[in-house]
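The structure under discussion appears below in the form of C-alpha cells.
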Amino acid sequence: MKKKIRLVYMVLLAVLCLSGCRKSKTADKDAIVPVEKVTKIPDMASPSPAVKADKHKGQVRSWLTGEWVSKKLAGKRPYAIMINNIKAASPQWGTSQASILYEAVVEGGITRMMGIFQNFDSRRIGSTRSARHYFVSFADEYDAIYVHFGQTKYAAAKIKELGVNNLSGLSSLGDTVFYRDPSIKAPHNAFTSAKGVKDGTKAAGYRTKLRDKVNKFQFHARDTGIEGTSAKKVTLGYSSYTQPYFTYNEKTKKYERYQFGEKHIDKSTGKQLAFKNIIIQVVEEWDIDKNGYQTMDINNTTGEGYYITDGKAAKITWKKNEKNKERVYYDEDGKELKLNTGKTFISIFPKKRLSTLLIA
C-alpha cells in the first residue's frame, strides 16, 4: 500500500515538474518587451484662417461715387444745388463735397454748375444762383431736392411739370435755407449749407427716402483702365468767355480742374477740384428767346459723348427720357457704362462747339 502511495506521489511530482518547464519556456517566448514612450506629435496642418472682420458691415457702395457709405445714407435723396460760376463769384465754397458736379452753358456764354450732394456737412456752399430748366431735368434724374436762388419762367414751369421738390431763396423758406455774406457784393453773396437744406426739407415736409426707380451709376469693383485715345489734358471751350480745362495727375490718377487761368479751388478746403471720372454729354443747344436763355434737346432723345478716366478717353452714347425720369450712358460696345470709384464731373457740351472740345 505504501509502495502504491509512493508511486502516485512520484508520478504527481513528475507531472508538476514537466508543467513548470513548459510554463517557463512559454514565458520566455511571451516575455513583455519594454516599449519606448511615444510623444504625441502635434497636428502640423495649417490652422483654419481666422474669419476677417467685415470692414464694411452695415455699408453699401454709393450709387453716386462707388465709395462705401452707410445703408441709411445711400437710401436718402440727394440735393442738387445751383452754383454760381463766373469769375466775379470766385472762389466757390463747398464744391469739393459734391459727389457729381455738372456744368452747362447759360445765357451770355457763361456757365453755371450744379452739384449733386448726398454725403456732405459743409457750412457754406455756393454762392448759389438761379435755376435753369435743363438743370431741373438733370436734378430729377437723381430724385434730388433742387436748391436754387431764383429761377427763369422756363425753370419754374419745368419744376411744376416734373413735380420736382425745390428749395428757393425767393420762397418763404429762403431765410431757413440760405444766408447772405454782407462782405460780398450781391448777387454773388447768397450761400446755403448742409444744415440749411436739411432744415428747409423738414419745414417743407418733403420726402427724404430715395424713390424706388432712380438712375444709379454702375461702378467697377476695382480701378479699371479703358481703351481709347490719350486724355492727359481736356479743354472745354464753352465760349469766348470761358474755356476751363483739366490736367491728368499720374500720381493721384485724377483730373485736376482749372478755370479763368488758375486752379479751380474750393475755398473751404483750399484744395483744387479733382475728379476720377469725366463724362462729356454732347447736346443740341440753342437760344430759346431774344434774351439769350438757352435750351437743349434732352426731353426724349439720344446723343454721343466721351468717358474719360485714367488718362484715356473713349466714345460713349447716352439716352434720356425726361418724362420717364430715365437717363443711361453706354460704352462703345453698347453696354451700360461702368465708372471707376470716385467723384465725377459731367459737362453738358454744345454740339455746335465741338471744334473747341480738345482732348489730348
For the stretch 188-202, pairs from a residue that is under 16 Å from residue 129 (Cβ atoms) to a residue that is of a type in the set (Phe, Trp, Tyr) and modelled with pLDDT of 95 or more, with Cβ under 7 Å and 6 or more apart or across chains, are 190/149; 190/178; 191/93; 191/178; 191/179; 192/178; 196/178; 197/79
Taking the stretch 316-355 on its own, how many of its residues are acidic (Asp, Glu) and either without any contact (Cβ under 8 Å) to a residue 12 or more places away in the chain or touching a Ser or Thr at 6+ places or on another chain (Cβ under 8 Å) (or both)?
2
Of the conditions (1) within 19 Å of the chain's Cα centre (by Cα); (2) aliphatic (A, V, I, L, M); (3) more than 19 Å from residue 281 (Cα to Cα), residue 86 satisfies every one except a single condition; which number is it?
(1)
Within the stretch 246-256, which residues are touching a residue at least 24 places away in the same chain (Cβ under 8 Å) and either under 19 Å from residue 347 (Cα atoms) or part of a loop (DSSP other than H, G, I, E, B) (or both)?
246, 248, 250, 253, 254, 255
Of the residues that make up the stretch 220-227, is at least one assigned to a strand (DSSP E or B), over 22 Å from residue 321 (Cα atoms) and either in contact with a Pro (Cβ under 6 Å, 6 or more places away or on another chain) or polar (S, T, N, Q) (or both)?
no
For the condition under 26 Å from residue 152 (Cβ atoms) and in a strand (DSSP E or B), what is the one hit in 292, 305?
305
Over the stretch 81-91, the set of residues touching a His at 6+ places or on another chain (Cβ under 9 Å) and either surrounded by 23 or more Cβ atoms within 10 Å (Cβ to Cβ) or farther than 12 Å from residue 260 by Cβ (or both) is 81, 82, 84
Filter the stretch 265-283 down to residues that are in a loop (DSSP other than H, G, I, E, B), farther than 15 Å from residue 246 by Cα, in contact (Cβ under 8 Å) with a residue 12 or more places away in the chain and out of contact with any Gly (no Cβ under 6 Å at 6 or more places or on another chain), then give me how many there are.
2
All but one of (1) of a type in the set (D, E, K, R); (2) touching a strand residue (DSSP E or B) at 6+ places or on another chain (Cβ under 8 Å); (3) free of Cβ contacts under 8 Å to residues at least 24 places away in the same chain hold for residue 262, so report the exception by its number.
(2)
Which residues, counting only those in the stretch 132-168, are surrounded by fewer than 20 Cβ atoms within 10 Å (Cβ to Cβ) and out of contact with any helix residue (DSSP H, G or I) (no Cβ under 8 Å at 6 or more places or on another chain)?
141, 150, 153, 156, 160, 161, 163
Going through the stretch 229-258 in order, the residues found to be under 23 Å from the mean Cα position of the chain (by Cα) and either at positive phi or of a type in the set (A, V, I, L, M, F, W, C) (or both) are 231, 234, 246, 253
Can you pull out the residues in the stretch 233-292 that are of a type in the set (Gly, Ala, Ser) and touching a helix residue (DSSP H, G or I) at 6+ places or on another chain (Cβ under 7 Å)?
237, 239, 240, 292
Would you confirm whether any residue within the stretch 316-327 is closer than 28 Å to residue 210 by Cα and acidic (Asp, Glu)?
yes
For the stretch 203-213 the number of residues that are surrounded by fewer than 16 Cβ atoms within 10 Å (Cβ to Cβ) and in contact (Cβ under 8 Å) with a residue 12 or more places away in the chain is 7
Hand me the list of helices (runs of 4 or more DSSP H) wholly inside the stretch 118-204 holding 2 or more residues that are among the aromatic types (Phe, Trp, Tyr).
133-141
Residues located in the stretch 259-292, provided they are crowded, with 16+ Cβ neighbours inside 10 Å, more than 14 Å from residue 105 (Cα to Cα) and more than 23 Å from the chain's Cα centre (by Cα):
259
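The values are calculated or read from the model by the stated rules, or taken from the named source; none is laboratory data. Since this is a predicted model, take the numbers as computed values, not measurements. A quick note on method: Cβ atoms are made from the backbone with ideal geometry, for glycine too, and the neighbour counts reach across all protein chains shown.
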